[in-house]
Amino acid sequence: MKYILIGRGKMGKLIRETASAAGDEIQAAFGHDDLDQLGRLGKVADVVTNNYGTSIPMVDTASVLQRTLEIVKEQETAFICTNVQETDLCGHRENVAAYADRLRVADEWIEIGIRDALGEDDILIVQADHGNDPTIGHPHHTREMVPLMIHSAHSTPKNIGIRKTLSDVGATAADYFHSKAPENGTSFLPLLLK
């Protein structure tokens, strides 16, 4: 039973609300002995306190996702929050080639490694907190809608609609672990189990 959240950029509000609020609530509900790992990798390890698990600050996309895969394979029950920062950095630099390369690296690790290592009850979420188009002509965040991709063995491909807030991911994590819901967000777990 693992809930793996992979995001890009700094993921400020998402990281704080999901990894901090839901993570602490999940740990409190499960108890330290029942949850093998509360893992935070990448930039999230620098910006969110982790009182119950492992925090590994790193930036290189392949390294971050390789360690995520190792944790997925090692742990039976885990909440893993991974942050891929390099696409955000490449977007700010307006470096299209580097941005595309980092996306290719992430795609390979997520598809071939992490997704294939998931157990029947695991959920994988890949999303971003904002746009950062390297071709737009400025180094600032862009306002397009961001992806929310979810993989679960219990779910068939479907559209879960446009979410009102990124906090829905945290609420879904709490729901998945039968924990107290965070202050913000609406769980979309029931939509995945249909």
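The values are calculated or read from the model by the stated rules, or taken from the named source; none is laboratory data. Note that the coordinates shown come from a computational prediction; the quantities given were computed from them, not determined experimentally. Note that we place each Cβ from the backbone using ideal geometry, even for glycine, and neighbour counts take in every protein chain shown. Just so you know, the surface numbers come from the protein's heavy atoms only, side chains and all, with ligands and any DNA or RNA stripped out. Shrake-Rupley method; radii C 1.70, N 1.55, O 1.52, S 1.80 Å.
Descriptive notes on the structure:
- Where a residue in the range 147-171 is in contact (Cβ under 8 Å) with a residue 12 or more places away in the chain and more than 14 Å from A128 (Cα to Cα) and its partner, wherever it lies, is among the charged types (D, E, K, R) and loosely packed, with under 15 Cβ neighbours inside 10 Å, with Cβ under 6 Å and at least six apart: A153/E120
- Qualifying positions in the range 122-156 - of a type in the set (S, T, Y) and assigned to a strand (DSSP E or B): T142, S152
- For the range 123-145, a residue qualifies if it is farther than 21 Å from G170 by Cβ and hydrophobic (A, V, I, L, M, F, W, C), and exactly one does: I136.
- Number of the condition not met by N159 [criteria: (1) part of a loop (DSSP other than H, G, I, E, B); (2) surrounded by 15 or more Cβ atoms within 10 Å (Cβ to Cβ); (3) polar (S, T, N, Q)]: (2)
- Within the range 57-89, the set of residues being in contact with a strand residue (DSSP E or B) (Cβ under 8 Å, 6 or more places away or on another chain) and either among the hydroxyl-bearing types (S, T, Y) or part of a helix (DSSP H, G or I) (or both) comprises T61, V64, L65, R67, T68, I71, V72, E74, T77, T82, T87, D88.
- Close pairs from the range 117-144: first within 30 Å of Q75 (Cα to Cα) and open to solvent by less than 20 Å² (accessible area, probe 1.4 Å), partner among the small types (G, A, S) and outside any loop (DSSP other than H, G, I, E, B), Cβ under 7 Å, at least 6 apart: I123/S152; Q127/G7; A128/G7
- The listed residue being assigned to a helix (DSSP H, G or I) and under 14 Å from Q127 (Cβ atoms), out of D175, D168: D168
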